[in-house]
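Notes to accompany the following structure.
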Amino acid sequence: MKLEPRSEKGLLTPDNCVITLIDHQPQMLFGVTSIDRQSLINNVVGFAKAAKIFDVPLILTTVETKSFSGNLWPQLQAVYPNQTPIERSSMNSWDDEKFVAAVKKTGRKKIVLAGLWTEVCVAFPSIQAIHDGYEVYVVEDLCGDLDEKTHNAAMRRAEQAGAKPVTWIQVMLEWQRDWAKRDTYDAVMDVVKHHAGGYGMGVEYAYTMVHGAPPTVHPGWEVPSELVHS
């Protein structure tokens, strides 16, 4: 879907950036205490959906899947079922030729980046990508680390190198920019209702109780057959 152009003037648009999601894998999540882990999963999946709405190029990458980190979170893979993450051995994705080539292939100089852990998988590629002439935006609420102090120190290092901190809802709304843009409005509201907590509940309430819209219908769920006792 071709979207109507958004003005730039220093802001992110669907046309000027590429997203890199780095090492959102089980073993990497186990050590995170700087953010609630269920919230982190929710945020990453919500942002991945937003990227799909606005057709922003998104690169998935994993490290040492078989020997240490495990597969990409299935919740994230489900949003991009046909995309195989770029597998690496290097902690720093900017050391991986396949990863850097994928970024260069998009032709975009603004990288919206997030990953686990902040101190390594976020800080290292951010610093080096900036050195190589890219503009880096770190989506802070899609990142996590061993503790808050470690995460904050890593963010300060990335920011001192020139990275710009952002949050996932902020970026999604920066892409939307104008509620009159109906080509993406309904899809954005769907992401908000499913992933934006109290903001989403407020939208649901306004739609149903104020504007008389039907309630949002969530997918049904049944107990998996192998768990049903005969």
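The values are calculated or read from the model by the stated rules, or taken from the named source; none is laboratory data. Just so it is clear, the model here is predicted, and its values are computed rather than measured. Note that each Cβ is placed from the backbone with ideal geometry, even for glycine, and that neighbours are counted across all protein chains shown. Quick note on the areas: whole protein, heavy atoms, side chains included, nothing else; ligands and nucleic acids left out. Shrake-Rupley method; radii C 1.70, N 1.55, O 1.52, S 1.80 Å.
Over the Cα atoms of the stretch 24-98, the radius of gyration divided by the Kirkwood radius equals 0.96; this is the Rg/Rh ratio. For Glu159, the shell of other residues with beta-carbons less than 14 Å away shows a net charge of 0, using +1 for Lys and Arg and -1 for Asp and Glu. Let me have the relative contact order for the stretch 117-230, percent, based on Cα pairs under 8 Å that are six or more residues apart. Dividing the mean separation by the residue count of the stretch 117-230 yields 19 percent.
Bridging of Lys49 to aspartates and glutamates at a Cα separation below 12 Å is possible for Asp190, once same-chain residues fewer than 8 apart are set aside.
Summary value for the chain: 22 percent relative contact order, contacts being C-alpha pairs under 8 angstrom separated by 6+ residues. Looking at the stretch 144-211, the pairs of alpha carbons with a distance over 15 Å make up 66% of the total. Taking every protein chain into account, the 1.4 Å probe leaves Phe30 with about 130 Å² of accessible area, to the nearest ten. With a Förster radius of 35 Å applied to the C-beta separation of Thr208 and Glu159, the computed FRET efficiency comes to 0.30.
What share of all Cα pairs of the chain, in percent, falls into each consecutive 10 Å distance bin? With a bin width of 10 Å, the distribution comes to 7, 31, 35, 19, 7, 1, 0. Computed over the chain with a Gaussian network model linking Cα atoms closer than 10 Å, the most mobile of Val139, Val18, Val79 is Val79.
For the chain, the share of accessible area belonging to carbon and sulfur comes to 56 percent (1.4 Å probe, ligands and nucleic acids excluded). Other residues with beta-carbon under 9 Å from the beta-carbon of Leu116 carry, at +1 per Lys or Arg and -1 per Asp or Glu, a net charge of -2. For Leu72, the shell of other residues with beta-carbons less than 15 Å away shows a net charge of -1, using +1 for Lys and Arg and -1 for Asp and Glu.
Rg/Rh, computed from the Cα trace of the stretch 102-230 with Rh as the Kirkwood radius, has the value 1.11.
The orientation-averaged projection of the convex hull spanning the C-alpha atoms of the stretch 56-111 amounts to 4.2 square nanometres. Annotation: lysines with alpha-carbon distance below 24 angstrom to Lys66 (same-chain offsets under eight excluded): Lys98. In the stretch 97-167, the inverse of the mean reciprocal separation of distinct Cα atoms equals 12.0 Å; this is its Kirkwood hydrodynamic radius.
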